[in-house]
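Participant: Submitted below is the structure of interest, expressed as structure tokens.
The values are calculated or read from the model by the stated rules, or taken from the named source; none is laboratory data. Bear in mind that the values here come from a model prediction, so they are computed numbers and not experimental data. Note that we place each Cβ from the backbone using ideal geometry, even for glycine, and neighbour counts take in every protein chain shown.
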């Protein structure tokens, strides 16, 4: 029998409203303080990880999060399931929903995630698609509150700079801008802009510029990602040429505020989109950011599952 209780999905950051997002970040900070000694609201619950794309941080953080919350996680890759042999997503979704309590999906096309959510009777979480990476944004926003104060996201004046590809991360930063109202500047080469609909929705709070210096000047947060994401390997050489100069280096960080932090969702290509000196330097919050995936996702799983 399928689960007929009300379910809630997390496919984009804007599936939360502003108040819910801020509450979730506050709860994530509490989970970080509690560590392994907190309550276990997911006792006897199972999280299925349906991963079409390779992963380090996302897989491990979700598996550990489920365990520390009292549940467990199952890794389900295409080579281990019938999805890899062409079984329709809708069939897989309906069957898995009768076994597990939540599906965490990491895939290429966002439409695949949406189909999984449409046919699964349990919460579905976006662990990354080509158009959105909301779980990473939860960790990034938590890191900002740690470095600039719990009210940093609601006080006027926060400036966030994005350097590089207008990819899934840039799109999710736009959604964060819509929810929270900070200033977002995205430095992207021509023809590599983020989703125009999301950019339009952000209005005057977000703008695309063509030089990293214009984006980073006076910013509190300077963040970036690899120039060629998974699935874009054939474009790597062309992207290296087009993205030349779109690097977060010491000179760019010097244009930001003196207390600015550097973020990167990892893995990083040192010497391409970010230098060794910035990644390992005093302004880097990158490894705190990576750790915060765990705490933010504990808060998310608790929100989606604890009251079901």
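Participant: Report those strands (runs of 3 or more DSSP E) wholly inside the stretch 29-136 carrying at least 1 residues which are closer than 30 Å to residue 152 by Cβ and touching a helix residue (DSSP H, G or I) at 6+ places or on another chain (Cβ under 6 Å).
Facilitator: Ranges flagged: 102-106, 124-128.
Participant: So residue 83 clears everything in (1) within 24 Å of residue 303 (Cα to Cα); (2) touching a residue at least 12 places away in the same chain (Cβ under 8 Å) except one condition, right? Which one?
Facilitator: Every condition holds for residue 83 apart from (1).
Participant: Right, something else. Out of the stretch 192-210, which residues are in contact (Cβ under 8 Å) with a residue 40 or more places away in the chain and either out of contact with any strand residue (DSSP E or B) (no Cβ under 7 Å at 6 or more places or on another chain) or not in a strand (DSSP E or B) (or both)?
Facilitator: 192, 195
Participant: Considering every residue within the stretch 167-179, establish whether at least one is over 12 Å from the mean Cα position of the chain (by Cα) and surrounded by fewer than 19 Cβ atoms within 10 Å (Cβ to Cβ).
Facilitator: yes
Participant: Please state which of the following conditions residue 245 fails to meet, knowing it meets all the rest: (1) outside any loop (DSSP other than H, G, I, E, B); (2) over 26 Å from residue 292 (Cβ atoms); (3) over 18 Å from the mean Cα position of the chain (by Cα).
Facilitator: Failed condition: (1).
Participant: Also, I was wondering about something else. Considering 220, 295, which residue is surrounded by 19 or more Cβ atoms within 10 Å (Cβ to Cβ), at pLDDT 95 or above, in contact with a helix residue (DSSP H, G or I) (Cβ under 8 Å, 6 or more places away or on another chain) and over 25 Å from residue 126 (Cβ atoms)?
Facilitator: The conditions single out 220.
Participant: Write out, first by first residue and then by second, each pair whose Cβ atoms fall under 6 Å of each other, whose residues are 6+ apart or on separate chains, and whose first residue, in the stretch 108-126, is closer than 9 Å to residue 93 by Cα while the second is in a helix (DSSP H, G or I).
Facilitator: 115/89; 116/89; 116/93; 119/90; 119/93; 119/94; 120/93
Participant: Something else now. Looking at residue 251, is it surrounded by 14 or more Cβ atoms within 10 Å (Cβ to Cβ) and either in contact (Cβ under 8 Å) with a residue 24 or more places away in the chain or more than 17 Å from the chain's Cα centre (by Cα) (or both)?
Facilitator: No.
Participant: Identify, from the list 118, 205, the residue that is surrounded by fewer than 18 Cβ atoms within 10 Å (Cβ to Cβ), in the same structural domain as residue 46 (by TED's automatic domain parsing) and either within 16 Å of the chain's Cα centre (by Cα) or over 19 Å from residue 26 (Cβ atoms) (or both).
Facilitator: It is 118.
Participant: Still on this model: Can we say residue 226 is assigned to a loop (DSSP other than H, G, I, E, B) and either surrounded by 15 or more Cβ atoms within 10 Å (Cβ to Cβ) or not assigned by TED's automatic domain parsing to the domain that holds residue 148 (or both)?
Facilitator: yes
Participant: Another question about this same structure. Looking at the stretch 57-76, is at least one residue over 20 Å from the mean Cα position of the chain (by Cα) and closer than 30 Å to residue 194 by Cα?
Facilitator: No, the stretch 57-76 has no match at all.
Participant: Tally the residues that are farther than 23 Å from residue 59 by Cβ and part of a helix (DSSP H, G or I), restricting the search to the stretch 271-295.
Facilitator: Here the count works out to 3.
The rows are residues; the columns are (1) surrounded by fewer than 16 Cβ atoms within 10 Å (Cβ to Cβ); (2) assigned by TED's automatic domain parsing to the domain that holds residue 122; (3) under 18 Å from residue 9 (Cβ atoms); (4) in contact with a strand residue (DSSP E or B) (Cβ under 6 Å, 6 or more places away or on another chain).
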{"residue": "57", "(1), (2), (3), (4)": "no, yes, no, no"}
{"residue": "62", "(1), (2), (3), (4)": "no, yes, yes, yes"}
{"residue": "69", "(1), (2), (3), (4)": "no, yes, no, no"}
{"residue": "85", "(1), (2), (3), (4)": "yes, yes, no, no"}
{"residue": "90", "(1), (2), (3), (4)": "yes, yes, yes, no"}
{"residue": "94", "(1), (2), (3), (4)": "yes, yes, yes, no"}
{"residue": "97", "(1), (2), (3), (4)": "no, yes, yes, no"}
{"residue": "101", "(1), (2), (3), (4)": "no, yes, yes, yes"}
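Participant: Related question: Looking at (1) free of Cβ contacts under 8 Å to residues at least 24 places away in the same chain; (2) assigned to a helix (DSSP H, G or I), which one does residue 213 not meet, given that it meets all the others?
Facilitator: (1)
Participant: Does residue 152 fit the bill of being assigned by TED's automatic domain parsing to the domain that holds residue 252, in contact with a helix residue (DSSP H, G or I) (Cβ under 7 Å, 6 or more places away or on another chain) and either in a helix (DSSP H, G or I) or surrounded by 23 or more Cβ atoms within 10 Å (Cβ to Cβ) (or both)?
Facilitator: no
Participant: Any residue at all in the stretch 231-240 that's surrounded by 15 or more Cβ atoms within 10 Å (Cβ to Cβ), in a helix (DSSP H, G or I), in the same structural domain as residue 143 (by TED's automatic domain parsing) and touching a residue at least 12 places away in the same chain (Cβ under 8 Å)?
Facilitator: Yes, the stretch 231-240 contains at least one residue that is surrounded by 15 or more Cβ atoms within 10 Å (Cβ to Cβ), in a helix (DSSP H, G or I), in the same structural domain as residue 143 (by TED's automatic domain parsing) and touching a residue at least 12 places away in the same chain (Cβ under 8 Å).
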